[in-house]
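Engineer: Input: one structure, supplied below.
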Amino acid sequence: GPGWEFAAKSGLSGMIWPKLNIEELLEPYEIADGILVPVGRYVFPGIQFQVQTPPGRLFNTMLTGTAGGFYDGWRLSLGAQPTFSGIPDLEIGGLLQYNLVRFPGRDQTYVAPIGQVRVLATISGKFSASALVQYSAADDMVSANVRFRFNPREGTDVYLVYNEGLNTDRLSR
């Protein structure tokens, strides 16, 4: 759809664009425990934005947001993704995101804050390692993904991946 993008001489860039979502649910969609979107056809508008500080600096960040309709309710999502790359061959980043979904007609609210930490280390042209740890308050989960990459020759990558999940609400499950 239509949108507006900008780029400044400083390297700051961004975009904003309207969205029109059309969804046909053939079965109820469970967003969270006890929050179901009923079967039906939904048409809902929204708007998204993204602003990126100049890349290539020691510290940069991306700000994102979405607001508007969401099935038979509305949502607001705001996020910040800071990245630090001041050490050669090491990048550390994160994500803080707040999601609020409200269904006034059913008096239901869903809040889903998310926190994430990412690390990427390039050991050499043949070896790299990355790790991602994420906390989702809505799911009461901490999940981790660690990935090692070996590139014995151009066009061939071998990965060793470890995934782990931890329920942070031990009493209710």
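Engineer: Is there a residue being assigned to a loop (DSSP other than H, G, I, E, B) and either farther than 27 Å from residue 163 by Cα or within 21 Å of the chain's Cα centre (by Cα) (or both) anywhere in the range 79-94?
Structural biologist: no
Engineer: On the basis of being of a type in the set (Asp, Glu), surrounded by 12 or more Cβ atoms within 10 Å (Cβ to Cβ) and within 21 Å of residue 33 (Cα to Cα), does residue 72 make the cut?
Structural biologist: The answer is yes for residue 72.
Engineer: Moving to a separate point now. Which one is farthest from residue 43 (Cα to Cα) among residues in the range 1-32 that are of a type in the set (A, V, I, L, M) and assigned to a strand (DSSP E or B)?
Structural biologist: 7
Engineer: Quick check on my filter: what residues within the range 21-58 are open to solvent by 30 Å² or more (accessible area, probe 1.4 Å), over 14 Å from residue 70 (Cα atoms) and not aliphatic (A, V, I, L, M)?
Structural biologist: Answer for the range 21-58, where residues must be open to solvent by 30 Å² or more (accessible area, probe 1.4 Å), over 14 Å from residue 70 (Cα atoms) and not aliphatic (A, V, I, L, M): 27, 28, 33, 34, 49, 50, 52, 53, 55, 56, 57.
Engineer: Criterion first (open to solvent by 50 Å² or more (accessible area, probe 1.4 Å), over 15 Å from the mean Cα position of the chain (by Cα) and over 18 Å from residue 34 (Cα atoms)) does residue 132 satisfy it?
Structural biologist: For residue 132, the condition - open to solvent by 50 Å² or more (accessible area, probe 1.4 Å), over 15 Å from the mean Cα position of the chain (by Cα) and over 18 Å from residue 34 (Cα atoms) - is not met.
Engineer: Let me ask another. I need a count of the residues in the range 135-173 that are outside any loop (DSSP other than H, G, I, E, B) and either farther than 18 Å from residue 95 by Cα or open to solvent by less than 80 Å² (accessible area, probe 1.4 Å) (or both).
Structural biologist: So the answer is 26.
Engineer: For the range 115-122, state whether one or more residues are part of a strand (DSSP E or B), open to solvent by less than 50 Å² (accessible area, probe 1.4 Å), out of contact with any Phe, Trp or Tyr (no Cβ under 8 Å at 6 or more places or on another chain) and not charged (D, E, K, R).
Structural biologist: Yes, because at least one residue in the range 115-122 is part of a strand (DSSP E or B), open to solvent by less than 50 Å² (accessible area, probe 1.4 Å), out of contact with any Phe, Trp or Tyr (no Cβ under 8 Å at 6 or more places or on another chain) and not charged (D, E, K, R).
Engineer: Name every residue in the range 84-99 that is closer than 14 Å to residue 58 by Cα and either open to solvent by 70 Å² or more (accessible area, probe 1.4 Å) or not polar (S, T, N, Q) (or both), in order of residue number.
Structural biologist: 84, 86, 87, 88, 89, 90, 91, 92, 93
The values are calculated or read from the model by the stated rules, or taken from the named source; none is laboratory data. Everything numeric in this text was worked out from a predicted model, so none of it was measured. All Cβ positions, glycine included, derive from the backbone under ideal geometry; neighbour counts span all protein chains shown. Note: areas computed on protein heavy atoms with side chains; ligands, DNA, RNA excluded. Shrake-Rupley method; radii C 1.70, N 1.55, O 1.52, S 1.80 Å.
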